[in-house]
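The values are calculated or read from the model by the stated rules, or taken from the named source; none is laboratory data. Quick caveat: nothing in here was measured; it's all calculated off a predicted structure. As a convention, Cβ positions derive from the backbone with ideal geometry for all residues, glycine included, and neighbour counts pool all protein chains shown.
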Amino acid sequence: MNSNYDVLIIGGGLAGLVNAIRLSGIGLKVVVVEKNDFPKHKVCGEYISNEVLPYLRFLEVDPMIAGAKQITRFMLTTVKGKTIEAKLSMGGCGISRFTLDNLLFQKAKEVGCSVIKSIVDKVTYLDDQFEVLTRDGQSYSAKLIIGAHGKRSNIDVNLKRSFIETRAHYLAVKGHYKGIFPEDLVALYNFKGGYCGVSKIENNHLNICYLADYQSFQQFKSIEDYQKEVLFKNRQLKEIFNNADPVFQKSLTIGQISFLPKQPVEQHILMSGDAAGMIHPLCGNGMAMAIHSARILSELIEKYFSGHVQTRESLELEYAKQWKKQFQSRLFAGRIFQHLFRMDGLSEVMMSGLTMFPKLLPVLIRQTHGRPIDAYQ
Ligand SMILES: Cc1cc2nc3c(=O)[nH]c(=O)nc-3n(C[C@H](O)[C@H](O)[C@H](O)COP(=O)(O)OP(=O)(O)OC[C@H]3O[C@@H](n4cnc5c(N)ncnc54)[C@H](O)[C@@H]3O)c2cc1C
């Protein structure tokens, strides 16, 4: 069977589904190919910046109606127990990916998008159109392909993208817990070789999610040993874990997390979300960037199909230009934070500086965030 689509989207995460809702909503024939079922838990800190709240509401997806917790404060602690707090000027909310991705999935179906469960294995570009092969042996044709396959995928390997050649240093662990924690706070707890984020989500559970250096993690036999020996050196974090009851039978883990630069367009595939570039989770802004990049891309694709952007080449050039203008400086700031947090001594020095000049923290946070977005700005 070969079906013809205007747009085929690889991956039904935030970027894929936001593109899908917008493009199906304007009458294009769109299909999302997603390898997992909905709903599904994902490794993520689950704090989403209000930068994209107006746009989500424009798409008729409202995290607040789904019970998301409004978060207005940020706290940072070091291993030695230094703590600094700041008010989040834009703020954000706590909502699980289980709920948020599913809200977007339901909306995509409601506006007429096809969603197929499979894995995209091969994409071929020939005679100004794409052929896509999925693992279940189906093939699809499409005028445009959006790569919304996340931070690392078989697609990146097939395309021989440069970041895939370099070994990535990080892994991440996430769980939901029952426990006491302020609803309006997102807190980051630094430990040797990583940091752990804690905040509440819609069902009042706590999300505890940490990013760790793979080399140091490797030295321990189990997640529990690693947590006890490394994370718990931060006493505040130890107290949180000790007073929280896990909801999942087993924590979720992912490895090979890379923050190396990527290109927003590769071999005519228009990359969106983490597939175009991933900011360090420390900045708490990857989800907003994924949604924002989908807004930029879907609006350009709309112009392409209406004739206002006339050629594939101008679509690709304009998308790459807008993507870089919007995100390049944030990614740069994110990389600097990432380095500061890897160097434990420096992290203490940085914290001392921030304690002396507390107004600096909101300024630093602003470097990695954009202004609130709506449709057509
Ligand atoms: C430890 C950690 C903590 C984080 N915490 C936060 C946070 O608190 N706040 C924040 O804003 N951001 C956070 N982020 C970043 C955030 O999770 C990502 O930026 C966001 O998920 C990107 O969305 P996406 O749609 O690009 O990718 P994803 O949500 O990863 O979606 C990609 C989808 O593509 C599918 N897929 C992949 N390959 C294929 C294929 N070949 N065929 C079919 N389907 C495929 C996958 O199954 C997946 O569903 C965190 C990230 C990490 C690693």
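Quick check on K233: is it within 10 Å of the ligand (Cβ to nearest atom), touching a residue at least 40 places away in the same chain (Cβ under 8 Å) and either within 30 Å of E316 (Cβ to Cβ) or of a type outside the set (S, T, Y) (or both)?
No, not satisfied.
Being charged (D, E, K, R) and closer than 12 Å to L100 by Cα: is that true of K35 here?
no
Sort out which residues of the range 57-82 are at pLDDT 95 or above and either crowded, with 23+ Cβ neighbours inside 10 Å or in a loop (DSSP other than H, G, I, E, B) (or both), and write them in order of number.
L59, E60, V61, D62, P63, M64, I65, A66, G67, A68, K69, I71
For the range 86-104, state whether one or more residues are farther than 26 Å from R366 by Cβ, touching a residue at least 60 places away in the same chain (Cβ under 8 Å) and among the aromatic types (F, W, Y).
No, the conditions are met nowhere in the range 86-104.
Of the conditions (1) within 16 Å of the ligand (Cβ to nearest atom); (2) hydrophobic (A, V, I, L, M, F, W, C); (3) in a loop (DSSP other than H, G, I, E, B); (4) farther than 15 Å from T368 by Cα, I279 clears all except one; give me its number.
(4)
Any residue in the range 309-326 that is more than 26 Å from I373 (Cβ to Cβ), touching a Leu at 6+ places or on another chain (Cβ under 8 Å) and polar (S, T, N, Q)?
no
Just to verify a result, which residue in the range 8-23, among those that are over 23 Å from R152 (Cβ atoms) and not basic (K, R), is farthest from the ligand (Cβ to nearest atom)?
Checking each candidate, the answer is L23.
Kindly evaluate Y177 against the criterion of being assigned to a strand (DSSP E or B), in contact with a strand residue (DSSP E or B) (Cβ under 9 Å, 6 or more places away or on another chain), touching a residue at least 12 places away in the same chain (Cβ under 8 Å) and away from the ligand (no atom under 14 Å from the Cβ).
Judged against the criteria, Y177 is a match.
If you check every pair at least six apart or on different chains, which have Cβ atoms under 8 Å apart with a residue in the range 254-277 that is closer than 18 Å to N154 by Cβ first and a residue that is within 12 Å of the ligand (Cβ to nearest atom) and of a type in the set (S, T, N, Q) second?
S272/N19; S272/S293; G273/S293; A275/S153; A276/S293
Can you tell which of M287, M271 is over 13 Å from the mean Cα position of the chain (by Cα), buried (at least 17 other Cβ atoms within 10 Å of the Cβ) and within 15 Å of the ligand (Cβ to nearest atom)?
On inspection, the qualifying residue turns out to be M271.
Yes/no per residue for (1) within 15 Å of Y177 (Cβ to Cβ); (2) more than 16 Å from the ligand (Cβ to nearest atom); (3) without any contact (Cβ under 8 Å) to a residue 60 or more places away in the chain:
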site	(1), (2), (3)
K228	no, yes, yes
K250	yes, yes, yes
C283	no, no, no
A294	no, no, no
L300	no, yes, yes
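Across the range 131-167, which residue is nearest to the ligand (Cβ to nearest atom) among those that are outside any loop (DSSP other than H, G, I, E, B) and touching a Gly at 6+ places or on another chain (Cβ under 8 Å)?
Per the stated criteria, the residue is I155.
Could you tell me how many of the residues in the range 31-78 are of a type in the set (G, A, S), within 9 Å of the ligand (Cβ to nearest atom) and under 19 Å from K107 (Cα atoms)?
Of the residues in that region, 0 qualify.
Please find, among Y189, Y170, Y214, Y226, the residue that is within 24 Å of V157 (Cβ to Cβ) and over 18 Å from the mean Cα position of the chain (by Cα).
Residue meeting the stated conditions: Y214.
With the checklist (1) on the phi > 0 side of the Ramachandran plot; (2) small (G, A, S); (3) within 13 Å of the ligand (Cβ to nearest atom) in hand, flag the one item G193 doesn't pass.
Only one criterion in (1) on the phi > 0 side of the Ramachandran plot; (2) small (G, A, S); (3) within 13 Å of the ligand (Cβ to nearest atom) is unmet by G193, namely (3).
Modelled with pLDDT of 95 or more and closer than 22 Å to A187 by Cα: which single residue out of A288, A320, A294 fits that description?
A288
Among the residues of the range 113-130, which ones are part of a loop (DSSP other than H, G, I, E, B) and surrounded by 14 or more Cβ atoms within 10 Å (Cβ to Cβ)?
Within the range 113-130, C113, S118, I119 qualify.
Looking only at the range 14-42, count every residue that is assigned to a loop (DSSP other than H, G, I, E, B) and surrounded by 20 or more Cβ atoms within 10 Å (Cβ to Cβ) and tell me the total.
Qualifying residue count for the region: 1.
Give the residues of the range 213-257 that are surrounded by 18 or more Cβ atoms within 10 Å (Cβ to Cβ) and in a loop (DSSP other than H, G, I, E, B), sorted by residue number.
V230, N234, A244, S251
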